[in-house]
Every structure is written in structure tokens, then in C-alpha cells.
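One structure is given below, encoded as C-alpha cells.
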Amino acid sequence: MSLTEPRSANTGAAASSSLKITIPILQEKKRNHVPISALTAYDYAMARLVDESSIDLVLVGDSLAMVMLGYESTLPVTMNEMVLFTRAVRRGVRRALLAADMPYASYHVDAAEGVRNALRFVQEAGAEAVKVEGGRNRVELVQRMTDAEIPVIGHIGLTPQSLHRMGGYRVQGKSLQAAEMLLADARALEAAGAVLLVLEGVPREVAAQITAELAIPTIGIGAGPECDGQILVLHDLLNLTFAPPAKFVRQYADAATLVRSAVENYRKDVTTRSFPGDSESYHLPQETRDSFAHASRQRRKA
Ligand code: KIV
């Protein structure tokens, strides 16, 4: 066993962009008021690009059910599918902390099954943390995962796996009572051992209060700027979701237009025979080419 420390624990402005991000480093960023950047990724190529852009936390979100597999909600994606995608992302991520989302039904029956499934992410896919949706109802699960040395990221507010109970994707915590419930959920998850907390679809004021009260970092999505960090679904910021973006999404590129135009140009070039050109073709060596042409002529004569 090596006792080598991560390359540096410096989280200030001069921190090296090649520093391996760990949970203590993310927690130190909160203490130093350094914002944490997080994004989802689901495959090797995108994971590499995200990691090479020095994003701190890469989440293999169960949002992949919708953006990669075309389902209407996150509910149908299975453990085996999540493990497969996480293994692909693992090969592309070197610097960021890699977290995997526990899919629906992988931890809802009992805590023991939840721990077994979480261990698969760590052992089979190389995840460094797992994320579970829910608040006080997940305390035992979070404790048992933490006991099993699996860092847990909590997720409260608009939890997409609660779609049917919520009656749609609705902002949560809007009444005084609901806001107090969210605070209680956040405190309970922290006390149970959660290392980070995702706040999704909650009023800015509520997210700010939770962020101020907790020692662990909060990562917001649709939760305002006071969170310790922000996460978006990669496909949302690239315009690859085929739906009008939610209010909290900022689109940084139009990859849909880029891909469509590249594919249309390729199709045009194929149908007009302008692709492939001579420079995109392999050639016989000159001597072989002459002999080959000669042999073909002889065959035609015979
Ligand atoms: O599944 C997902 O992508 C998520 C993030 C939006 C936090 O849970």
C-alpha cells in the first residue's frame, strides 16, 4: 500500500489543473469559498473532453436514461446499464472525482441491496462515490454505505426518481413547511455521513440556507448561485436534448446544429461522389500498380 498523498492539496487560484480531485479537496473548496464545477458524462469521448476541461466532478447520472437511451424518464435504466456506462466514463476520467448515480429500484427495496449495488459501482466500474435520491428516508442507507467505505452524495429537492409522487418535474420546497422539510433532509443526510449534497429544483433562498448550514458542499442544479458548486446535464448545455431547455439551463454550444450540418455535408459528398477523394484513398506501390493493370488487361483480352 502506498501512503503517497494526492499531488497537491492546494485548492486556491494557483491550484494545478492536473491535481487529482478527491472528496477532501472538494470539501476544502467549500471552506475556501472556491466554486465546484460538475457535469454529467456518459461515454468515453465526452468524459475525456469534460475531464480535460478541468471539471471537478463527473457524474454518470441516471439522466442517461433520457439523453442517451431515449426513455421518457429516468426510471427504466437498470444497474447493469449504469455500470456499463460508468466503466466507459471511468476510462476517460483521470483528474475529476467520478461519481455514479444509483438507478431507480437499486436501493429502494432494502439498504443491504443498496449497499451491494453501490459496491458494484466501486468495484466493477471504478466509481469514487455514488449518489442517491431522498432525504430522511435514506439515513440508514447512507450510514450503511458509509460504513462500507462508499462515499455517498445525497440528492434532494426535485428528485426525478420521485416523478410519479411529485406529479411531474416541479420545483420543490416552495412553502415554509416544505422548505423546513428540505432543511431537515439536508441535516439528516449530512449527519448520516453524506459527503456532498445535490440540490435540484429548489428556490434560491432555500438552497442558500442549506448551503450556509451544512459543512459538506452543496452542488446546485436549478438551485441558484449560492450553492458551493453547480452541475448541469452535459446534453442540456450542448443542446442535444431535443426539448426546450429548463429555466436553469444555460446552453453553451449548439452541438445539434453542428452534428446535423456535418452529417448532411457527409451525405451530400457521398451521393455526389466527392467523398472519398484520392488523398483519402490507399494506393498500390507504382510497380505493383503497373503489373496489376497489365494483368487486368491480359484477363480482358483472354
Ligand atoms: O441524473 C443526473 O444527471 C442528475 C444530475 C442532474 C444531478 O442527477
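Since every read-out is calculated from the coordinates, none of them should be taken as a lab result. Keep in mind the model is a prediction, meaning the values are calculated, not measured. Please note: Cβ atoms are built from the backbone with ideal geometry, for glycine as well, and neighbour counts cover all protein chains shown.
A compact table of results
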{"quantity": "Backbone HN-Hα couplings from phi across region 122-135 [Karplus 6.51/-1.76/1.60, Hz, Gly and Pro as x]", "calculated": "6, 7, 8, 10, x, 5, 9, 6, 10, 10, 10, 8, x, x"}
{"quantity": "Peptide ranges 61-68, 81-88, 194-201 listed from the most packed, as the mean C-beta count within 10 angstrom indicates", "calculated": "194-201, 61-68, 81-88"}
{"quantity": "Percent of Cα-Cα distances greater than 18 Å, calculated over region 177-274", "calculated": "58 percent"}
{"quantity": "Dipole axis of the chain (+1 Lys, Arg; -1 Asp, Glu on Cβ), positive-most option in Gln161, Val249, His108", "calculated": "Val249"}
{"quantity": "Lysines whose Cα lies under 28 Å from that of Lys30, excluding same-chain neighbours fewer than 8 positions away", "calculated": "Lys20, Lys131, Lys174, Lys247"}
{"quantity": "Beta bridges by DSSP in region 23-257, antiparallel share as percent, to the nearest 5", "calculated": "5 percent"}
{"quantity": "DSSP-loop trypsin sites (Lys or Arg not before Pro) across region 163-233, with at most 15 other Cβ within 10 angstrom", "calculated": "Arg170, Lys174"}
{"quantity": "Reciprocal mean inverse distance between Cα atoms of region 23-257 - Kirkwood radius, Å", "calculated": "17.5 Å"}
{"quantity": "Per-selection metrics, region 114-159 (Cα): Rg and Dmax in Å", "calculated": "10.3, 30"}
{"quantity": "Restricting region 123-189 to GluC sites (Glu not before Pro) in coil, as DSSP defines it, with at most 13 other Cβ within 10 Å", "calculated": "Glu149"}
{"quantity": "Region 17-158 - convex hull of the alpha-carbon atoms, volume per residue in Å³", "calculated": "112 Å³"}
{"quantity": "222 nm mean residue ellipticity, helices alone, for the chain (DSSP H n ≥ 4; -39,500 (n - 2.57); rounded to 500)", "calculated": "-12500 deg cm²/dmol"}
{"quantity": "Chymotrypsin sites (Phe, Trp or Tyr not before Pro) within region 92-196, DSSP loop, no more than 16 other Cβ atoms inside 10 Å", "calculated": "Tyr169"}
{"quantity": "Lys, Arg +1 and Asp, Glu -1 on Cβ, resulting dipole of the chain about Cα centre, debye, nearest 20", "calculated": "1100 debye"}
{"quantity": "Extended-chain gain in nm, criterion 0.36 nm per residue less alpha-carbon gap, Lys174 and Lys247", "calculated": "24.7 nm"}
